[in-house]
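One structure is given below, encoded as structure tokens.
Every number in this text was worked out from the coordinates using simple rules, so none of it is lab data. Not measured: the values here are computed from a predicted model. Don't worry about glycine lacking a Cβ; one is built from the backbone with ideal geometry, like all the others, and counts go over all protein chains shown.
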Amino acid sequence: MSTIDSIAEDRKVKLNFRQKNNKVSRDEAFIFATKSQLGFFISSLLYPFTSMGKLFSLPAIESLIAKSDFKDLFSDMTTNINSAFEESTVKARGFLGESVEEFKVGAFENLDSIRLKWIRPDWFEFIPVKEAPFAFVRHTGERIVPGRMYTDGGSIPRPFWVNENLSPWTYGPAFLIHDWEFDVHHCKMSDKSFEEVRDTMMEAIRTLIDMELSPMSDLAFRAIYVGIDSQIAREMWNKNPEECPLPPQT
């Protein structure tokens, strides 16, 4: 017999005993039984889900059904459900990534000045144009101007390339900004945080979408966010390379 079944059986015994001794009316007995059935039904449904375990544990349900007023019962249930929903939303956001609307729009400068020199398959050198430097200006006014660097575009695993919005160059200018900020971090030329650099790239992608230069894909946007916010990305950020990955800036 399960824990829930044994508790339910114990309640039935106590209820029968109280009825036999005329200590409760028929209406009170009905309310008591209904609360018990409702509580056990909810607990049996929600108890297996670990994300709800703390909020809908058997002790919590037992506490709820012990109340003498249905109004209090459902009020507490609503509070618990709302708390569980908020907690699940936070967890889901970490898993599903942020949406496009979460980021503001910046501005690109001299997109037509982007020059890439082929080095080897899937590996290029970005060569800036001094007269009209490619740059990205964040909504805060911060201006990011990449120098010479090596890049593979977006470091997106090849199997995901089957989605046309997840190719290494769908959001190329944003990927270049991100690569530059990663490299200057590894060269100890910047004190920006991982989160600042992450959000700069997502803002750059949002800007390309707003300019209608890259496709709007909520799925791709969220997938990219999850990728650059992942534990793997953080481990790469925290690496301390022996040499600066940037070529000489001329």
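7 Å from Cα along Cα→Cβ at both Trp161 and Met211: what's the point-to-point distance in nm?
2.5
Give me the percent of Cα-Cα pairs in region 110-248 that sit more than 23 Å apart, rounded to a whole number. Don't jump to the answer; show the numbers that get you there.
On the way: 2993 of 9591 pairs.
In whole percent, the long-distance tail amounts to 31.
Let's test the formula: R0 of 25 Å, r as the Cβ-Cβ distance of Ile114 and Asp218. What FRET efficiency results, to the nearest 0.05? Each step should come with its number before you reach the end.
Details: r = 26 Å, r/R0 = 1.04.
Efficiency for this residue pair is about 0.45.
Quick check on the exposure proxy: order His139, His185, His178 from fewest to most C-beta atoms within 10 angstrom. The partial results should precede the final answer.
Values: His139 13, His185 18, His178 26.
Ascending Cβ contact count within 10 Å gives the list His139, His185, His178.
What are the ³J(HN,Hα) values, in whole Hz, obtained from phi via the Karplus relation 6.51 cos²θ - 1.76 cosθ + 1.60 with θ = phi - 60°, for each residue of region 114-120 in sequence order, with x given for Gly and Pro?
These are the phi-based 3J(HN,Hα) values: 5, 10, 10, 9, 5, 9, 7 Hz.
Would you mind ranking Arg222, Arg234, Arg120 so that the residue whose beta carbon has the fewest other beta carbons within 10 Å leads the list? Let's see the in-between values first.
Details: Arg222 17, Arg234 13, Arg120 6.
In order of increasing Cβ crowding within 10 Å: Arg120, Arg234, Arg222.
Between Glu196 and Lys130, what FRET efficiency follows from the Cβ-Cβ distance if R0 is 22 Å, with the result rounded to 0.05? Walk me through the numbers on the way to the answer.
Values: r = 27 Å, r/R0 = 1.21.
Using R0 = 22 Å, I get an efficiency of 0.25.
Ranking Leu213, Leu166 by Cβ neighbours within 10 Å, fewest first, what do you get?
Details: Leu213 13, Leu166 20.
Exposure proxy ranking, most exposed first: Leu213, Leu166.
Could you tell me which trypsin sites (Lys or Arg not before Pro) in region 93-159 are loop residues by DSSP with no more than 10 other beta carbons within 10 angstrom of their beta carbon?
Numbers: sites: Arg93, Lys104, Arg115, Lys117, Lys130, Arg138, Arg143, Arg148; in loops: Lys104, Arg115, Lys130, Arg138, Arg148.
Hits after loop and neighbour filter: Lys130.
Any chance you could run the full-extension gain for Val145 through Glu242? It's 0.36 nm times the residue separation minus the Cα-Cα distance, nm to one decimal. Numbers along the way, then the final one.
On the way: separation 97, 0.36 × 97 = 34.92 nm, distance 2.45 nm.
Full extension from Val145 to Glu242 adds 32.5 nm.
Please give me, ordered by residue number, the GluC sites (Glu not before Pro) of region 183-250 that lie in loop per DSSP and have at most 15 other Cβ atoms within 10 Å. Walk me through the numbers before you get to the answer.
On the way: sites: Glu195, Glu196, Glu203, Glu212, Glu235, Glu242, Glu243; in loops: Glu212, Glu242, Glu243.
Taking region 183-250 and a limit of 15 other Cβ atoms within 10 Å, the loop GluC sites (Glu not before Pro) found are Glu212, Glu242, Glu243.
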